[in-house]
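A quick write-up on the structure given underneath.
Values in this text are rule-based calculations from the coordinates and carry no lab data. The structure displayed is predicted, hence computed values, not measured ones. Note that each Cβ is placed from the backbone with ideal geometry, even for glycine, and that neighbours are counted across all protein chains shown.
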Amino acid sequence: MSLTTLLHNALSELHYPLDENELRAMKNPIGMMFGHVRRKGAHRIAHQGWDLAAPEGSSIYALTRGELIWTHRWTGAEEDKYGNQILASFTYRKKTYFAFYAHLSDFNELRKGSNQLERGQELGWTGTTGNADIDSPHLHFEVRTTSAQLHKGLGGRLDPGEFFPELPKLPRQKACFI
Ligand SMILES: [Zn+2]
């Protein structure tokens, strides 16, 4: 874990989702940010969160004390683009939000009874399930305002930069993919 992460986790209300938190590099330098429009054939798709570069198998963590709300196992179907996914509640400035983690290699299953989470609890591991590029492993990370299943567009999502304003100013992944 880097000194930046250690200091952040010690001093901030929110624990970082990864040990190393680095926006993924792409040809377009803002392509991994929230709301950026990507072209997929004839379609224009707004990116619904952040892409944080992470080698396969990196641990992901709860941002605060909260609850594991739901998990989704990748079906392998083309439309199942976010692969293995989990949603965990967290609190920030006394309000409840939901952190969405996608493209995971694996995650801790829901338990019968309590699914309470401690701040910084390990929830699962990054991967490339769904439509993630195998050559550019990353965590797709969203902040949501609802625990309901969401679909296309930016509805129900917030810019993670409202919660981690310093992160885009940190060094970015050096290698360039895609
Ligand atoms: Zn993404």
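Here are some notes:
- Contour excess over end-to-end distance, with Cα ends at Gln116 and Thr75 and 0.36 nm allotted per residue: 12.1 nm
- Fewest-first sequence of Ser89, Ser2 by Cβ atoms within 10 Å of each Cβ: Ser2, Ser89
- Lysine pair number, Cα distance threshold 25 Å (strictly under), the chain, separation 8 or more or different chains: 10
- Segment 116-178 versus segment 36-92: alpha-carbon centroid distance in Å: 6
- Under the Debye formula (equal points on every Cα, no solvent term), log10 I(q)/I(0) of the chain at q = 0.14 Å⁻¹: -0.71
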